Amino acid sequence: MKFIEHLYVSKSIKNINRVIWKLKHNAGQIKIYITAISKHPTDQLDIYHCSVLQQKYFHKDKDFTIVAITDSHEGAVEFVQCLTEQCLKARGDCNLREYLLSDSFTGIIDDRG
């Protein structure tokens, strides 16, 4: 499991280092959702409740890349929507996977408040 350099974190999450530590150490968290780059070749992103990450598969997979940590499923969907809009504006397409892993991605600019 790894995290991209410009990890998106919901504003309501106060102690991100503690949340990341808990994700890495299989500690339970109730209101944490993660968005990750999909392993399926036809998909781009996957949204999971953090409890799914307690499966051994995710800890053995060194290429499992988390791009966002949010406090709700709705927050994760809003992140994907904002990311898609930003990607379309920056690249002219919606290849989120390439955009997130490129040098041109410097984080989400969310001006919705």
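Annotations
- Long-range amide H partners of Tyr8 with built H, under 5 Å: Ala68, Ile69
- Probe 1.4 Å, protein heavy atoms only - accessible area per residue of the chain in square angstrom: 61
- Accessible-area composition of the chain, carbon plus sulfur, in percent [1.4 Å probe]: 51
- Computed with every protein chain present, the accessible area of Glu74 is close to 120 Å² [probe 1.4 Å].
- Annotation: amide H-H contacts under 5 Å for Leu45 (H modelled 1.01 Å from N, sequence separation of 5 or more, or interchain): Ser38.
- Rh by Kirkwood over Cα pairs, then Stokes-Einstein D for the chain at 1.002 mPa s and 20 °C, µm²/s: 149
- Across the range 44-52, computed HN-Hα scalar couplings (Karplus, 6.51 cos²θ - 1.76 cosθ + 1.60, θ = phi - 60°) run 10, 10, 10, 10, 10, 6, 4, 5, 5 Hz from first to last residue, x flagging Gly and Pro.
- The range 1-69 - percent relative contact order, Cα under 8 Å, separation 6 or more: 50
- When the Cα positions of Asn95, Thr106, Ile4 are compared along the charge dipole of the chain, Ile4 comes out farthest toward the positive end, with charges on each C-beta of Lys, Arg, Asp and Glu.
- For Ile32, distant residues with modelled amide H under 5 Å away: Cys50
- Partners of Lys60 within straight-line reach, counting lysines whose Cα lies under 21 Å from its Cα and excluding those fewer than 8 residues away in the same chain: Lys2, Lys22, Lys24, Lys39.
- Between Asp46 and Asp93, the modelled labels are 2.3 nm apart [label points 7 Å from Cα along Cα→Cβ].
The values are calculated or read from the model by the stated rules, or taken from the named source; none is laboratory data. The structure presented is a predicted model; accordingly, all values stated were derived computationally and were not measured. Neighbour counts run over all protein chains shown; Cβ positions are idealised from the backbone, glycine included. Accessible surface is based on the protein model in full, side chains and every heavy atom, while ligands, DNA and RNA are left aside. Shrake-Rupley method; radii C 1.70, N 1.55, O 1.52, S 1.80 Å.
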